[in-house]
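Everything below concerns the one structure shown next.
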Amino acid sequence: MEINRRDFIKFVVGGIAGIHVTPLPWKLTDDIAIWTQNWPWVPVPGRGEFKEAKSICTLCPGGCGIRLRLVEKRGVKIESRDEFPVNHGGICPIGMGGLQLMYDKDLRFTSPMKRAGQRGEGIFVDISWDEAYSILVQRLKELREKKDPRLLAAVDGLPYEGSESLMVRRFMQAFGSNSYFRLPDQDLVDRTVNWIMHGIKGSMGFDLENSDYILSFGAGLLEGWGIPGRILNLWGEWKARGDGAKVKVVQIESRASNTASKADRWIAIKPGTEAALALGIVRELIQRGRYNVDFVNEHTFGFGDWVDQEGKSHKGFRSMVMEAYTPEKVAQITGIDPKEIKVIATELESAKAPVAIWGRGRGELPNGVYESMAIHSINIVLGRIQRPGGVIVSKEVLLGDLGPVLTDEKAKEALRQGTLVPAGIAEVSHLADLVKAILDSKEPVVDTLLLFQANPWITMPSSILLEKALKKVPFIVSFSPFRDDTSCYADLILPDHAYLEKFQEMVNPKGLGYAAYCISAPVLPNPYSTKALGDILIQLAGKLGGAIKESFPFKSYEEVLKQRTNSLFSAKRGSIKVQKEPPWKWVEIKDSGIQGDDKKDWETLLKSNIWYQPNTKESAYIVFPTESKKVELMSLSLKRFRDAVGAKTDEDLMPQYRGLETEKAGLLFMPYEMVNWSSGWAPSPPYLTKTIFDHILLKQDLFMELNPTTAKELGLREGEMVEVKSKLGVLQLKVHLSEVAMPGVAYAPLGFGRIGYDEFLKSKGVNVARILTSQKDPIVGTPLWWGTRVTINRV
Amino acid sequence: MQTIPEYLRSSWKGWVLFGVGFVGALIVGWVIFPMVLYSQHPQPMNFNHALHMDPEKVSGIEGDSETERCLFCHEFRSDGTFAGIPKLSKCTECHEDPSSPLGQTPEEKEFMEKYVSSGKEIPWYSYYKQPDCVYFSHIAHVKMGKMECKTCHGNHGSLKVLPVYQQNRITGYSRNIWGYRISGLKKNTWDRMKMDDCAECHKKMGHENNNSCFVCHK
């Protein structure tokens, strides 16, 4: 039988028609779609029984309480804890994504490593712990015996009051080095302000749970300021209160950030001039006589003009403010209508519990000391110190110390000689001091640099200078658990556990309004060859021997914590049980849970994860340990350091506005931070890249925000690639036109352009901090970065 | 008028071939396709549900109703999650001693030797596993909805033999989710367990609001 083409086609058509009347094409299509859902390389949490573990999160100095859901010892979800006093149910995007930081192998150092490429390339090879220890110990021994022990420098980004940081300082002292540097961040500035004005060496907090009017000078409440979990939750609570009790937030910043957009009022101020506005407001309050006269008279020093013991008369704070911060002068400096000052003053008067807060953006980049003092003086003249809803300046956590540090002759001799790098005031030096010394001095000031939980490459203003300095350091050791950008410059890595794998603690979480100590035991097994930092320091000390070894007579970091918390228990203050009444109710503790048995109390503490002491009525009656025994509006402490801080007149010892000297030409260039992107030492969980809008980051290009009028003047269009040039360097950014930006100012987000971590974080965008020019704060020398002027050219 | 050449002329052969193609496709689609699409996996050992569900034959499994007896082994944990196919510890609540079996079947003997004595978990195939994107709460349906197990799972509990686990080679899911009635035309509620089937029942029972996306795809 001959079959022609037509017949054959009929056969095929018959087949096709037939197939459509069978389930085959429909089921196959559906099955193929489902097949794409189940590709084996798509990660899926394991199935099984859920177990829950409670812990805290220390990715930022927040110490939020978190709950971890586990399946077969593997964490599958992080959630917040409603009952935990610090964050009471809130959590931030970075904390939520913490499991990605734990399990992404490309983000972590999985074992000790030795550099195998060029500095900055981040190429390492695995070595054993024995080899890592022997390399470091040999170098340190040589340093002690043949050179100067002070050539060992430590850059410490660990929370200052924490046990790990205490151990780092102990190690340095026993070794014989006083080359200890903190990061030049807002925490350093705030502690300095607390010391200068209240005489207290410790951190301040804000009792925001009780405030009813929040005057925020640039604090990014919705950008991650303070403890993000706490604040994000609190914002919701503030807005949920009934009409009579609603909390009013007034945001003062140049850019319409999320906080500004959602605040009750946004005041667009010329960047860097916040202190002038603050003092203008203080002047208005003083002029009206509507400030807390009792508090000022009883508890402050330097308000009125005064005469000293030698009979010399001094101008007081009041006279200074009345003269220098008239509405006209303030308007000229800040660009704000004088009427606005009157409105704010009226609102402050009528509020029952107002508070002024500061700290640009997230509050990690440093403010100036004078400007922080100026903003804080609003709180002082209103008497909002140690009051509900105000500023809490005394938060004592009575952890025990670790006993005397034993120093041998070599160490004693070295420490007697002072520091190689000029020390700052209040005895704390920071990285900017070190960078300057490395670049400027002819003699070497550091031989071996140790990095502890610090990633200044990404956030330190003018980080291009940091890079130059790091290249000159002979040997760099990083203890970071993550492959951060600064560690790419290290020669040796001794990796710490990542946070959920070790004992974590947080002393006085950032900005909390009461004394608290959060602690948790490890909740996840450690799958890699890392060690807890505390244990590394103990072992290192052991291998160095002698007095250094004897200064670390501990078996483990856990023992250190047990020893320190014993003092907390025996002090019989505060509570290790979460009370029914939340701590911001200012009520006495009824049952503290402290039984007086160290072992039992330790177990109770690990179960609740917190010790805290709420404020009570008595908290208002503290003695300020300043020279005058009062809150100093004119600082006698600064007087002692007159020469170091260049304070020539009385005005120089008072809160004030000091403009940064910037060039006249060019646009002002300001960085900004986001709540869903990390610009600190902890990496952003890579999944957060999905939350970054296309007008901020598109593929590899980062965008700079310009007001449309500014863009028009410069002849720039949306999406154009431009070169942004400051005195320090050049960056390539794309232009995004937005009304969010103040005319004449360009904004770009921090935390991008990384060189460390994995493919999802690396090389996306550029690191804005590199080209920020900075001037030294006159008091602590921290980099003041909001005066960067840039020129913009088309590419 | 030109005559159409022979080789281009339409003929009855064409229509026969059409029919052949049509019928062939029907056979491929209805018979061969299901045979080929599913792989067969007998369970690692046989478990006689009918025996265990009969209170006269087996006394340890408590429960007044059939559903309660199902829930004795396929239990709800104290936090409300559903335990699914029981672990070995459930079986050994009664079958604890390998040297004294409770019956005379060869299956039990094999069970004791292979699993109880070594404490090894039986690697059961699960017939009703849903995709990971689906959040299904058993307790909402059983306790709140007061549904019987057999409404969704059929007469599984009265079977003497465990059915062979058939797995779709492309998707990896059990045939119970779609394929037994490959036409998709359902006779019983348990013939298909895809999204539309859940939605259909929600609508019928007056819970149409449970068909919102976020209820199941959290």
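Data table
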item	result
Sole exception among (1) within 10 Å of chain B (Cβ to nearest Cβ); (2) open to solvent by less than 20 Å² (accessible area, probe 1.4 Å) for A:G98, by number	(1)
Residue in segment A:716-733 that is part of a helix (DSSP H, G or I), open to solvent by 70 Å² or more (accessible area, probe 1.4 Å) and either touching a strand residue (DSSP E or B) at 6+ places or on another chain (Cβ under 8 Å) or at pLDDT below 95 (or both) present	no
From the options A:L451, A:L434, residue that is part of a strand (DSSP E or B) and in contact (Cβ under 8 Å) with a residue 12 or more places away in the chain	A:L451
Test: residue in segment B:104-124 that is surrounded by 14 or more Cβ atoms within 10 Å (Cβ to Cβ), within 14 Å of another protein chain (Cβ to nearest Cβ) and assigned to a loop (DSSP other than H, G, I, E, B)	yes
Which listed residue, of A:N297, A:N379, is open to solvent by less than 10 Å² (accessible area, probe 1.4 Å) and either assigned to a helix (DSSP H, G or I) or polar (S, T, N, Q) (or both)	A:N379
Residue list for segment A:659-700, restricted to those being more than 21 Å from A:I227 (Cα to Cα) and not in a loop (DSSP other than H, G, I, E, B)	A:L667, A:L668, A:F669, A:M670, A:P686, A:Y687, A:T689, A:K690, A:L697, A:L698
Single residue of B:F33, B:F22, B:F82 found to be within 9 Å of chain A (Cβ to nearest Cβ) and either of a type in the set (S, T, N, Q) or open to solvent by 50 Å² or more (accessible area, probe 1.4 Å) (or both)	B:F22
Pick from segment A:27-58, criterion small (G, A, S) and touching a residue at least 12 places away in the same chain (Cβ under 8 Å), ranking: farthest from the other protein chains (Cβ to nearest Cβ)	A:S55
Complete set of residues in segment A:556-595 that are surrounded by fewer than 19 Cβ atoms within 10 Å (Cβ to Cβ), of a type outside the set (D, E) and within 28 Å of A:G542 (Cα to Cα)	A:S556, A:K562, A:Q563, A:N566, A:S567
In segment A:17-26, residue nearest to the chain's Cα centre (by Cα) [restricted to those that are at the interface with another protein chain (Cβ under 7 Å from one of its Cβ atoms) and assigned to a helix (DSSP H, G or I)]	A:L24
Segment A:300-324, residues that are of a type outside the set (K, R), touching a Phe, Trp or Tyr at 6+ places or on another chain (Cβ under 9 Å) and either open to solvent by 90 Å² or more (accessible area, probe 1.4 Å) or more than 22 Å from A:R384 (Cα to Cα) (or both)	A:S313, A:H314, A:A324
Any hit, segment A:195-208, residues being at pLDDT 95 or above and among the β-branched types (V, I, T)	no
Filter pass, A:I231 being surrounded by 23 or more Cβ atoms within 10 Å (Cβ to Cβ), β-branched (V, I, T), assigned to a helix (DSSP H, G or I) and over 19 Å from the mean Cα position of the chain (by Cα)	no
Every residue from segment A:457-475 that is under 23 Å from the mean Cα position of the chain (by Cα) and either open to solvent by 10 Å² or more (accessible area, probe 1.4 Å) or in contact (Cβ under 8 Å) with a residue 40 or more places away in the chain (or both)	A:W457, A:I458, A:T459, A:M460, A:P461, A:S462, A:S463, A:I464, A:L465, A:E467, A:L470
Unmet requirement for A:I9, which otherwise passes all of (1) more than 7 Å from chain B (Cβ to nearest Cβ); (2) within 57 Å of the chain's Cα centre (by Cα)	(2)
Positions within segment A:304-322 being in a loop (DSSP other than H, G, I, E, B) and out of contact with any helix residue (DSSP H, G or I) (no Cβ under 9 Å at 6 or more places or on another chain), in sequence order	A:D308, A:Q309, A:E310, A:G311, A:K312
Verdict on A:A260 being in contact with a helix residue (DSSP H, G or I) (Cβ under 7 Å, 6 or more places away or on another chain) and either free of Cβ contacts under 8 Å to residues at least 60 places away in the same chain or under 20 Å from A:P671 (Cα atoms) (or both)	no
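The values are calculated or read from the model by the stated rules, or taken from the named source; none is laboratory data. Just so it is clear, the structure is predicted and the values come from calculations on it, not from any experiment. When we count neighbours, we look across all protein chains shown, and the Cβ atoms used for this are built from the backbone with ideal geometry, even at glycine. The accessibility values were calculated without ligands, DNA or RNA, using every heavy atom of the protein model including side chains. Shrake-Rupley method; radii C 1.70, N 1.55, O 1.52, S 1.80 Å.
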